[in-house]
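See below for the structure under consideration.
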Amino acid sequence: MSQFFMKTSREVLDELEATDRGLVSEDIEKRREQYGYNELAEGKRKTAFEVFFEQFKDFLVIILIAAAVISAFLGKFESTIVILVVIILNAILGTVQHLKAEQSLNSLKALSSPTAKVVRNGQKVEIPSRELVVGDILYLDAGDFVSADGRIIENHSLQINESSLTGESLSVEKDIEPIAEQDVPIGDKKNMVFSGSFVTYGRGVVVVTNIGMNTEIGKIANLLESAKEKKTPLQANLDQFGKKLAGIIIAIAILIFAVDIIRGNEIADSFMFAVALAVAAIPEALSSIVTIVLAFGTQKMAKENAIVRKLHAVESLGSISVICSDKTGTLTQNKMTVQKVYVNQQVTEHNQLNLGDPIEKRILLMSLLCNDSVTIDKKEIGDPTEIALVDLGEDYRLDELVIREKYPRIGELPFDSDRKMMSTVNQYEGKNLMLTKGALDVLLSRVAKIETSNGIIEFTDKHRQEIENVNRDFSMSGLRVLGFAYKEVVEGKIDFEDENDLTFVGLISMMDPPREESAGAVSSCIEAGIKPVMITGDHKITASAIAKQIGILKEDAEAVEGTEIEKWSDQELKEKVENISVYARVSPEHKIRIVKAWQEKGNVVAMTGDGVNDGPALKQADIGIAMGITGTEVAKEASSMVLTDDNFSTIVKAISNGRSIYANIQNSIKFLLAGNMGGVLSVLYASLLALPVPFAAVHLLFINLLTDSLPAIAIGLEPHNKKLMKEKPRDINIPLLNKSFARRVSVEGVIIAISTLMAFHIGLSTGDAMVASTMAFSTLCLARLFHGFNSRSRHSLFKTGFFSNKYLWYAVIIGVVLLHLVLFLPPLMGVFEIAVLNATQFGTIYILSLVPLVVIQLYRLFLGK
Ligand code: ATP
């Protein structure tokens, strides 16, 4: 294998038959055929068939199969058939649910898969990283993930974190020169980049040398875990609860079995009944309900611009009590336009600059040279702050590309949000000038001289005072301010120490208006008991002005700067945190402290981020939210949710969806448990009072099939409930299955049991046990279906609307039709041991099965919410 790091970049390009103009389409296809896709081998995904068979591994299904075999031996073929039909239908439903959920979760994953910037057919394009081929010319910027191994062919202060390969957490400075020695550890291959690492600083261009399993990370990574999603905490809890409940129900089933035998019933019948009772009462669908509701819920959220990367995030979304949000681009439009310029010791409107004045011309040229952004065919590429400067140049017919060719760049120190500055070295009228732009407070501390109409003079306190006054005026009207300064240097290679002794030139201020939706989203946040906090790299006065406009900063709240937080201990920050609504001039490490302080106060915190250094804060937050448009790949990777529109109001929508999804899961589970309880209580009652059995085994299986599936899912898909955003955030420490939940389940279960048993007793009064069991079965079945309407929410149907959940209507109609087929079709009547009922008995069934719905609705209407 070639040792790319020992060769020059030219030799590597030649060997790979690549050029810096990129590959052409036919060549890419050929290379793909040769090397495949750029992906690490994953465990095999299960086929639909395998999923189907997996459904039979369930303990309850195994018992049912045993029961079917036993019935067949006893000659009760009808029961065998019913059981088999139930098993197969359940397995089909389970498979469809599994595949549907998997499909929507996969499409969600595809939405947040990483991308790479490459040159192809002579043009810079962004492609999914999976499509990279050997020989591609890959562009790397700060915050990008390296998604293949490559040899560096252009290097601008590139620094890369390779900890995933080497364990070394400090970034490595990269180089372009070939390395002479042969046996060099990965960490010392300075002219190479490796898949799995990320760019922490600078930028560079590499030619891809290896992809997929041939990369260094591919060689050490064993087969990745199969695509199996880890269970979310809620699923894990429900699984645990399900197991405990199963234990209790099996104990009850054994008790009933024993009582039946003691009473002299036939063993086979008693066994069948006990099995059917266990199957009907154990809510095996609990965790799959969560999966399916989460899958559909997250799909809906993706349509509303919030892509969930980690499923468990949805569960905590509804508990968020604090949102720490960036300002620029999230609360504001990120469409910046230059407003006023301060140069020559006077403030000038953006369209009143005089190109004939050397200093005014200089600030215009600097703003285009110390700038990486371009507009090509009206398409803006780059940082909005810099695009505003390119637009300013355009107003004076200065084309950024022409200017950049005339004053070539020979060195640079890229912008980063810790330093809040950027410098380039350009050849300028026979000299090498370092041009610096950045946040004024940082820049001013590095200024020694000032350029005035009387030439370059010493920078005095008076100058400083005057500039700070201008800056305050600009900031108070919500303008962002950039300072410009320069100095002469010897060569292109510069480092941070060179950003000193600068000559101040002027200020350019720009406007970035709040997004139209921000104020509304902030007020619905507050109404929902969520505290919005602005955290920005911008100036305190600018930030406060915008925060006031959108309602984040109220009279009683404070705005502080990063430097102030630095002086406070963690304890002090914790004490003050609840009164602070705006943090300005913060660096990424301040963000972690702010999140922790809120968390220690018992809050569930969402934090937005976009920069390369935001990763740790995004991970520390309960929900890390990355920006989809302006965010770096590193930030996206560290986040649990990505906003495809970078918009604050999308977070509020996502929280609202999160609350609904959680409530829907809870309601669906309540529906299952209350219905099952109704059935079990009825059986227990009859058994303890030595009455005939209220249901045949097949009845219980039928009810189980009918109610555990479609209606439960339909309740999980209840449309968004806006009222939930008028409530306080849910306390994350209160489990889903809490006391008040248990109380509701019990009350509802008891009411269903009472209706069923009333029907049973009315049936018994005819002296015909079969009439009694037909009535009890029909009533339980219908009562459970109708109870679905109660389970849609905690509110009265008069408030939520009767028809807003169409899925539930479909599910109930299907259930009612199927029940009537059983009640009226003679062959089915035989199988299900159904007696012929008269009209009064039918009337009784309908009335009694509506009792739980009517009683609970009346209670909610008059006494509840
Ligand atoms: P946010 O609210 O998302 O933190 P921000 O743009 O205000 O956004 P940073 O990007 O960290 O935060 O910028 C901090 C400061 O750095 C800005 O107020 C500005 O003064 C300065 N700055 C921003 N972009 C550039 C740039 N491209 N070159 C030089 N200085 C910049």
Matching residues in region 99-122 - criterion: being modelled with pLDDT under 85 and open to solvent by 70 Å² or more (accessible area, probe 1.4 Å): Lys100, Gln103, Lys109, Leu111
message: Please list, ordered by residue number, the helices (runs of 4 or more DSSP H) wholly in region 480-567 having 1 or more residues that are within 13 Å of the ligand (Cβ to nearest atom), of a type in the set (A, V, I, L, M, F, W, C) and farther than 30 Å from Asn426 by Cα.
response: 540-550
query: Of all the residues that make up region 285-314, how many are assigned to a helix (DSSP H, G or I), more than 30 Å from Val61 (Cβ to Cβ) and open to solvent by 10 Å² or more (accessible area, probe 1.4 Å)?
result: 3
- request: For Ser417, state whether it is small (Gly, Ala, Ser), within 9 Å of the ligand (Cβ to nearest atom), touching a helix residue (DSSP H, G or I) at 6+ places or on another chain (Cβ under 8 Å) and within 19 Å of Asn500 (Cα to Cα).
  value: yes
message: Checking the conditions here, which among Val582, Val634, Val605 is within 19 Å of Gly537 (Cα to Cα), surrounded by 21 or more Cβ atoms within 10 Å (Cβ to Cβ), touching a Phe, Trp or Tyr at 6+ places or on another chain (Cβ under 9 Å) and in the same structural domain as Ser316 (by TED's automatic domain parsing)?
response: Val634
Condition met for Glu360 (more than 16 Å from the ligand (Cβ to nearest atom), open to solvent by less than 20 Å² (accessible area, probe 1.4 Å), among the charged types (D, E, K, R) and farther than 29 Å from Ser518 by Cβ): yes
query: Within region 731-761, how many residues are open to solvent by 60 Å² or more (accessible area, probe 1.4 Å), touching a residue at least 60 places away in the same chain (Cβ under 8 Å) and not in a helix (DSSP H, G or I)?
result: 3
query: Of the residues in region 228-267, how many are part of a helix (DSSP H, G or I) and either aromatic (Phe, Trp, Tyr) or farther than 24 Å from Asn664 by Cα (or both)?
result: 18
- request: Just give me the residues in region 821-841 being in a helix (DSSP H, G or I), surrounded by 14 or more Cβ atoms within 10 Å (Cβ to Cβ) and either touching a residue at least 24 places away in the same chain (Cβ under 8 Å) or under 45 Å from the mean Cα position of the chain (by Cα) (or both), in sequence order.
  value: Val822, Leu823, Val831, Gln841
message: For region 348-368, give me each residue that is touching a helix residue (DSSP H, G or I) at 6+ places or on another chain (Cβ under 8 Å), of a type in the set (A, V, I, L, M) and at pLDDT 95 or above.
response: Leu364, Leu365, Leu368
query: Taking helices (runs of 4 or more DSSP H) that fall entirely within region 9-98, which contain at least 1 residues that are of a type in the set (A, V, I, L, M, F, W, C) and within 30 Å of Pro826 (Cα to Cα)?
result: 59-73
task: Could you pull out the residue among Ile456, Ile450 that is of a type in the set (A, V, I, L, M), open to solvent by 30 Å² or more (accessible area, probe 1.4 Å) and either within 14 Å of the ligand (Cβ to nearest atom) or out of contact with any Pro (no Cβ under 9 Å at 6 or more places or on another chain) (or both)?
output: Ile456
- request: Could you run through region 171-209 and say how many residues are open to solvent by less than 10 Å² (accessible area, probe 1.4 Å), of a type in the set (Val, Ile, Thr) and free of Cβ contacts under 8 Å to residues at least 60 places away in the same chain?
  value: 1
statement: Across region 422-445, the tally of residues that are surrounded by fewer than 22 Cβ atoms within 10 Å (Cβ to Cβ), within 14 Å of the ligand (Cβ to nearest atom) and more than 37 Å from the chain's Cα centre (by Cα) stands at 2
- prompt: When region 401-414 is examined, which residues are found to be acidic (Asp, Glu) and within 14 Å of the ligand (Cβ to nearest atom)?
  reply: Glu412
message: Please go through region 459-472 and give me each residue that is within 16 Å of the ligand (Cβ to nearest atom) and free of Cβ contacts under 8 Å to residues at least 40 places away in the same chain, ordered by number.
response: Glu468
message: List the helices (runs of 4 or more DSSP H) inside region 626-726, counting only whole elements, that have at least 3 residues being more than 20 Å from the chain's Cα centre (by Cα) and closer than 30 Å to Ala783 by Cα.
response: 648-688, 697-707, 710-716
Subset of region 37-60 [surrounded by 14 or more Cβ atoms within 10 Å (Cβ to Cβ) and modelled with pLDDT under 80]: Leu40, Lys46, Asp58, Leu60
Count of region 146-170 residues which are surrounded by fewer than 20 Cβ atoms within 10 Å (Cβ to Cβ) and either modelled with pLDDT of 85 or more or assigned to a strand (DSSP E or B) (or both): 4
message: Given the criteria modelled with pLDDT of 90 or more, in the same structural domain as Thr19 (by TED's automatic domain parsing), under 22 Å from Gly22 (Cα atoms) and open to solvent by less than 20 Å² (accessible area, probe 1.4 Å), does Ile137 qualify?
response: yes
- request: Would you tally the residues in region 504-543 being of a type in the set (A, V, I, L, M) and closer than 28 Å to His350 by Cα?
  value: 7
Residues satisfying the stated conditions in region 332-353, i.e. out of contact with any strand residue (DSSP E or B) (no Cβ under 6 Å at 6 or more places or on another chain) and either farther than 24 Å from Ile363 by Cα or within 16 Å of the ligand (Cβ to nearest atom) (or both): Gln333, Asn334, Lys335
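The values are calculated or read from the model by the stated rules, or taken from the named source; none is laboratory data. Remember, predicted model here, so these are calculated numbers, not experimental data. Reconstructed Cβ throughout: ideal geometry from the backbone, glycine too, with neighbour counts over all protein chains shown. In case anyone asks, the SASA skips ligands and DNA or RNA and just uses the protein heavy atoms, side chains included. Shrake-Rupley method; radii C 1.70, N 1.55, O 1.52, S 1.80 Å.
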